[in-house]
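Notes for the one structure printed next.
The values are calculated or read from the model by the stated rules, or taken from the named source; none is laboratory data. Source: prediction; values computed, not measured. Glycine also receives a Cβ, built like all others from the backbone with ideal geometry; neighbour counts cover every protein chain displayed. The area values use the complete protein model at the heavy-atom level, side chains included, leaving out ligands, DNA and RNA. Shrake-Rupley method; radii C 1.70, N 1.55, O 1.52, S 1.80 Å.
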Amino acid sequence: AQKITQTQPGMFVQEKEAVTLDCTYDTSDPSYGLFWYKQPSSGEMIFLIYQGSYDQQNATEGRYSLNFQKARKSANLVISASQLGDSAMYFCAMREGEGGADGLTFGKGTHLIIQP
Amino acid sequence: ETGVTQTPRHLVMGMTNKKSLKCEQHLGHNAMYWYKQSAKKPLELMFVYSLEERVENNSVPSRFSPECPNSSHLFLHLHTLQPEDSALYLCASSQGFETGTYEQYFGPGTRLTVT
């Protein structure tokens, strides 16, 4: 079974609208972390936001927020007031366990295109 | 230089060549990673180094050989590669031991083409 599932291969959104990118995860480890990364066409992976499994509140970073629903194993990324520069691939990823030097498991990504 | 740098950015090599990819991080981190990104596939973890010791080898073929001489530098030595090894190779670094989110910071990647 896939550990990270992103069900939206591609999305078209009008500029200034809010966007929700879906991510569900699968783990039996009580301690884990969830990450969202942005990958523009240049190729570099840019860290956006993090949510820990024990965090009580949803994470927010500027226009990015993470809608964390632990019981549903869901960690959707919400981008408010989308901009043309938000067009990119977006990846959800998970780290299992409490250690720092653990690799991340990535989803297949969502290709977001913001239209003017 | 800041962040994570990778050289070369593009590499074309024949199947009998030997080449090396270089990664350098300027963030004071103590863990470094190699990932492979193939077309239409999720990023795949290849290797993890923590304090210059390899802690994970994710069933990677022996034609890929990592080296971590110190906590700031990571190499990926390549030899007798196959065309299916053509991909974007991404290096990342993170804190490994202090409490925190352990987010990984990525370099720009090396686009490798095996002919």
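Brief remarks on what is shown
- Identity of the residue in segment B:77-100, within 7 Å of chain A (Cβ to nearest Cβ) and open to solvent by 50 Å² or more (accessible area, probe 1.4 Å), that ends up modelled with the highest pLDDT: B:Gln95
- Hey, A:Glu61 of a type in the set (D, E, K, R), touching an Asp or Glu at 6+ places or on another chain (Cβ under 6 Å) and on the phi < 0 side of the Ramachandran plot or not: no
- Sole exception among (1) at the interface with another protein chain (Cβ under 8 Å from one of its Cβ atoms); (2) hydrophobic (A, V, I, L, M, F, W, C); (3) touching a residue at least 40 places away in the same chain (Cβ under 8 Å) for B:Val4, by number: (1)
- Residues of segment B:26-72 satisfying the condition of being assigned to a strand (DSSP E or B), within 21 Å of B:Pro83 (Cβ to Cβ) and facing chain A (nearest Cβ under 9 Å): B:Tyr35, B:Gln37, B:Glu44, B:Met46
- The condition (being surrounded by 15 or more Cβ atoms within 10 Å (Cβ to Cβ), of a type in the set (Lys, Arg) and over 17 Å from B:Leu45 (Cα atoms)) is satisfied by just one residue among A:Arg95, A:Arg72, A:Arg63: A:Arg63.
- Flag if A:Asp55 is charged (D, E, K, R), open to solvent by less than 10 Å² (accessible area, probe 1.4 Å) and more than 19 Å from B:Pro42 (Cα to Cα): no
- Just one of the numbered conditions (1) free of Cβ contacts under 8 Å to residues at least 60 places away in the same chain; (2) closer than 16 Å to B:His29 by Cβ; (3) buried (at least 17 other Cβ atoms within 10 Å of the Cβ) is not true of B:Leu51: (3).
- Within segment A:70-110, being charged (D, E, K, R) and either touching a residue at least 24 places away in the same chain (Cβ under 8 Å) or under 28 Å from B:Asn57 (Cα atoms) (or both) holds for A:Arg72, A:Lys73, A:Asp86, A:Arg95, A:Glu96, A:Glu98, A:Asp102, A:Lys108.
- In segment A:17-33, the residues that are in a loop (DSSP other than H, G, I, E, B) and farther than 25 Å from A:Gly85 by Cα: A:Asp26, A:Thr27, A:Ser28, A:Asp29, A:Pro30, A:Ser31
- B:Lys18 falls short on exactly one of the conditions (1) surrounded by 13 or more Cβ atoms within 10 Å (Cβ to Cβ); (2) in contact (Cβ under 8 Å) with a residue 40 or more places away in the chain; (3) touching a strand residue (DSSP E or B) at 6+ places or on another chain (Cβ under 6 Å), and that condition is (1).
- Every pair of residues 6+ apart whose Cβ atoms lie under 8 Å, when the first sits in segment B:72-91 and is over 12 Å from B:Thr7 (Cα atoms) and among the β-branched types (Val, Ile, Thr) while the second is at pLDDT 95 or above and open to solvent by less than 50 Å² (accessible area, probe 1.4 Å): none
- Scanning segment A:1-16 for residues that are under 17 Å from A:Arg63 (Cβ atoms) and assigned to a loop (DSSP other than H, G, I, E, B) turns up A:Glu15, A:Lys16.
- Conditions (1) crowded, with 18+ Cβ neighbours inside 10 Å; (2) within 30 Å of B:Thr7 (Cβ to Cβ); (3) more than 14 Å from chain B (Cβ to nearest Cβ); (4) not hydroxyl-bearing (Ser, Thr, Tyr); number of the one not met by A:Gly85: (1)
- Within segment A:2-52, the set of residues being more than 20 Å from A:Ile114 (Cβ to Cβ), surrounded by fewer than 19 Cβ atoms within 10 Å (Cβ to Cβ) and among the polar types (S, T, N, Q) comprises A:Gln2, A:Thr5, A:Thr24, A:Thr27, A:Ser28, A:Ser31.
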